[in-house]
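> Have a look at this one.
The values are calculated or read from the model by the stated rules, or taken from the named source; none is laboratory data. Keep in mind the model is a prediction, meaning the values are calculated, not measured. Positions of Cβ are generated from backbone atoms using ideal geometry, with glycine treated the same way; all protein chains shown enter the neighbour counts. In case anyone asks, the SASA skips ligands and DNA or RNA and just uses the protein heavy atoms, side chains included. Shrake-Rupley method; radii C 1.70, N 1.55, O 1.52, S 1.80 Å.
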Amino acid sequence: QVQLVESGGGLVQPGGSLRLSCAASGSILSIHNMGWYRQAPGSQRGLVAIISRGGTTNYVDSVKGRFTISRDNDKNTVDLQMNSLKPEDTAVYYCNADVVRRSDQRLQNYWGQGTQVTVSS
């Protein structure tokens, strides 16, 4: 089995920064894309940022220039550095990964449990 565990959420004032981290563990042979999604109350879950195994990144327009996604392939981790946070960034943030499982060498998509980010004064 594979697990994704997020950390780093919390309450921050507008203009502040937070860093989210996600660690994948379990029966992992390799990980392809890793990403961060978010879901605000009353809204659908949507992509924030995604990074390929080779380091190619893509961001939703609303966070470009403010958020940076990075990963460590040796540690199976992905981080999201969030700067210049705005109240509209308030949401539950979810880690996501496309994992090739060591047990059966099959590609499977996994989600973390989510971490709350609240931007408020």
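> Would you mind telling me which numbered condition in (1) in a strand (DSSP E or B); (2) at positive phi Arg71 fails?
In the conditions (1) in a strand (DSSP E or B); (2) at positive phi, Arg71 misses (2) alone.
> Right, here's the next one. Taking interchain pairs and intrachain pairs at least six residues apart, which have beta carbon atoms under 8 angstrom, with the first residue in segment 95-121 and on the phi > 0 side of the Ramachandran plot and the second of a type in the set (S, T, N, Q)?
Within 8 Å, the pairs are Gly114/Gln39.
> Also, I was wondering about something else. Anything in segment 82-103 that is closer than 14 Å to Ala40 by Cβ and open to solvent by less than 60 Å² (accessible area, probe 1.4 Å)? List them, or say none. Working first, answer last.
Taking segment 82-103 as the starting set, the residues that turn out to be closer than 14 Å to Ala40 by Cβ are 85-94.
Correct list: Leu85, Asp89, Thr90, Ala91, Val92, Tyr93, Tyr94.
> Can you tell me which of Gln81, Gln105, Gln113 is part of a loop (DSSP other than H, G, I, E, B) and within 19 Å of Leu11 (Cβ to Cβ)? Quick ask: steps written out before the conclusion?
Details: Gln81 fails: part of a loop (DSSP other than H, G, I, E, B); Gln105 fails: within 19 Å of Leu11 (Cβ to Cβ).
Criteria check complete, one pass: Gln113.
> Enumerate the pairs (first residue in segment 5-16 and closer than 16 Å to Leu80 by Cα; second residue anywhere and assigned to a strand (DSSP E or B) and open to solvent by 60 Å² or more (accessible area, probe 1.4 Å)) with beta-carbon separation below 6 Å, excluding pairs fewer than 6 apart on the same chain, so at least 6 apart or on different chains.
Gly8/Arg19; Gly9/Gln116
> Does Val63 meet the test of being touching a residue at least 24 places away in the same chain (Cβ under 8 Å), in contact with a helix residue (DSSP H, G or I) (Cβ under 8 Å, 6 or more places away or on another chain) and aliphatic (A, V, I, L, M)?
Details: touching a residue at least 24 places away in the same chain (Cβ under 8 Å): yes; in contact with a helix residue (DSSP H, G or I) (Cβ under 8 Å, 6 or more places away or on another chain): yes; aliphatic (A, V, I, L, M): yes.
So Val63 fits the description; yes.
> Quick one: is Thr68 open to solvent by 10 Å² or more (accessible area, probe 1.4 Å), under 11 Å from the mean Cα position of the chain (by Cα) and farther than 22 Å from Thr118 by Cβ?
It is false that Thr68 is open to solvent by 10 Å² or more (accessible area, probe 1.4 Å), under 11 Å from the mean Cα position of the chain (by Cα) and farther than 22 Å from Thr118 by Cβ.
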